[in-house]
Amino acid sequence: MNKSMILPSTQLCLILSMFFALVIHADFYTLQPPTYSEVITNPSSSFVRFLIQSLAVVYIDLFVITLGWAGIQMKLQDFGGFIYQCLFYTIGIYFVIVLLGYQPFSTSKILESIGLAKNMWCIKSLLFLFILLPILNQWCESTNGKLQRNVLIGFFIFQTIYAWINMATTFFVDGYSGVSFIGLYLLGKYIKKHPKNKYFNLSSLSNFLIYTFICLFITISSFISQRIGIEYVPFRMYSYINPLVIIAAVYLLLGITKLNIRFKWLKPFAVSCFSVYLFTNNPNIMDPFFVPITKNIYNNHSGVYCILIITAFCLAIYLLITLIDQLRILTWRHVNKMLIK
């Protein structure tokens, strides 16, 4: 990958994006969004849960925009490493689960593990994006900023109207698609290439304030809508293709990248960031283990103490998977050497 990927600020964006993935799965995925009755009977807890979801829902947009910002160059070796990483955690986890006796062996589960089912949307979307990377990178290098800006404006207007507002298309899939990833990737490339643009050339504090304001707006509008019984609003607000979510991701990226970060120890956590996603979003891990543990924490604790425990739990998972991922990195080096020979 491009050397800009090793910049600490870029690494922090990647790390934060996948930590946020853990957070949203510990919130809305585990407990479902607060219902009308929950908002009425326990408004403070419901508001906090909406707020946490608002802060973290940018995770996949932040991840893909950061890839564009970093200007990754997907060589054949890198592409093979991505495939190996996915198989290491999909098929690998399944065989471990079978060997431990949690599930019987099933051919259909093997097919699911390699993506031949309606699951693993993120892997397929990234795979689609990576296949097109040479064309996308070449287009960005050979076209002027005005053309790129106009294409991006048209893309996101189309996506907002036909995919977010009235859901009249099938190929955006509410952001769960490679088409959406292409737009996000090109947006990241454009932002990095035009840092003096008046909308991007703000102080780090201003960027964080914009991100915070958008998150508060999403939180308040979702909370009020749910309280008066309009469930459609929260459903659309927490969509990955909500333009507010995309804008929030952009300004969070800009805020972080303008910080003077020099922590070299971030690199292994950034290298393993997608492994965190692969591990925790695996169906053999998420529902049988992650969800019950998270629910147990919610059932036995409350308030700030509960939030602190959930945060510590997510941090511990990230650290554990980073350690486990060293085995994947080591084995890939040997596999790659054999393939080169």
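Per-residue answers, yes or no, for (1) more than 26 Å from the chain's Cα centre (by Cα); (2) free of Cβ contacts under 8 Å to residues at least 24 places away in the same chain:
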site: Ile91; (1), (2): no, yes
site: Gln103; (1), (2): yes, no
site: Pro134; (1), (2): no, no
site: Gln148; (1), (2): no, no
site: Phe155; (1), (2): no, no
site: Phe158; (1), (2): no, yes
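Right, Ile210: under 19 Å from the mean Cα position of the chain (by Cα) and crowded, with 17+ Cβ neighbours inside 10 Å or not?
Answer is no for this residue.
Going by the structure shown, is Val233 surrounded by 16 or more Cβ atoms within 10 Å (Cβ to Cβ) and free of Cβ contacts under 8 Å to residues at least 24 places away in the same chain?
It is true that Val233 is surrounded by 16 or more Cβ atoms within 10 Å (Cβ to Cβ) and free of Cβ contacts under 8 Å to residues at least 24 places away in the same chain.
Any residue in the stretch 320-341 that is under 15 Å from Phe274 (Cβ atoms) sitting within a Cβ distance under 7 Å of a residue that is not in a helix (DSSP H, G or I)? List the pairs, counting only those 6 or more apart or interchain.
Pairs that qualify, where the first residue is under 15 Å from Phe274 (Cβ atoms) and the partner is not in a helix (DSSP H, G or I), are Ile321/Ser272; Thr322/Ser272; Asp325/Ser272.
Among (1) in a helix (DSSP H, G or I); (2) within 30 Å of Tyr251 (Cβ to Cβ); (3) at pLDDT 90 or above; (4) not hydroxyl-bearing (Ser, Thr, Tyr), there is one condition Pro33 misses while meeting the rest; what is its number?
If we test Pro33 against (1) in a helix (DSSP H, G or I); (2) within 30 Å of Tyr251 (Cβ to Cβ); (3) at pLDDT 90 or above; (4) not hydroxyl-bearing (Ser, Thr, Tyr), just (1) comes out false.
Taking the stretch 36-66, which residues are under 18 Å from Thr280 (Cβ atoms) and in a loop (DSSP other than H, G, I, E, B)?
Matches in the stretch 36-66: Val57, Val58.
Let me confirm something: among Ser204, Ser222, which residue is under 30 Å from Gly145 (Cβ atoms), in contact (Cβ under 8 Å) with a residue 12 or more places away in the chain, of a type in the set (Ser, Thr, Tyr) and touching a Ser or Thr at 6+ places or on another chain (Cβ under 9 Å)?
Of Ser204, Ser222, the one residue that is under 30 Å from Gly145 (Cβ atoms), in contact (Cβ under 8 Å) with a residue 12 or more places away in the chain, of a type in the set (Ser, Thr, Tyr) and touching a Ser or Thr at 6+ places or on another chain (Cβ under 9 Å) is Ser204.
Filtering the stretch 49-103 down to residues that are among the polar types (S, T, N, Q) and surrounded by fewer than 20 Cβ atoms within 10 Å (Cβ to Cβ), which residue is modelled with the highest pLDDT?
That would be Gln85.
In this structure, does Leu147 turn out to be hydrophobic (A, V, I, L, M, F, W, C) and surrounded by 15 or more Cβ atoms within 10 Å (Cβ to Cβ)?
No, not satisfied.
Tell me, yes or no, whether the stretch 186-198 has at least one residue that is in contact with a Ser or Thr (Cβ under 7 Å, 6 or more places away or on another chain), modelled with pLDDT of 90 or more, surrounded by 20 or more Cβ atoms within 10 Å (Cβ to Cβ) and in a helix (DSSP H, G or I).
yes
Going by what's in this entry, would Leu266 be described as outside any helix (DSSP H, G or I) and among the aliphatic types (A, V, I, L, M)?
no
The values are calculated or read from the model by the stated rules, or taken from the named source; none is laboratory data. Owing to the predicted nature of the structure, the values given are computational and were not obtained by experimental measurement. All Cβ positions, glycine included, derive from the backbone under ideal geometry; neighbour counts span all protein chains shown.
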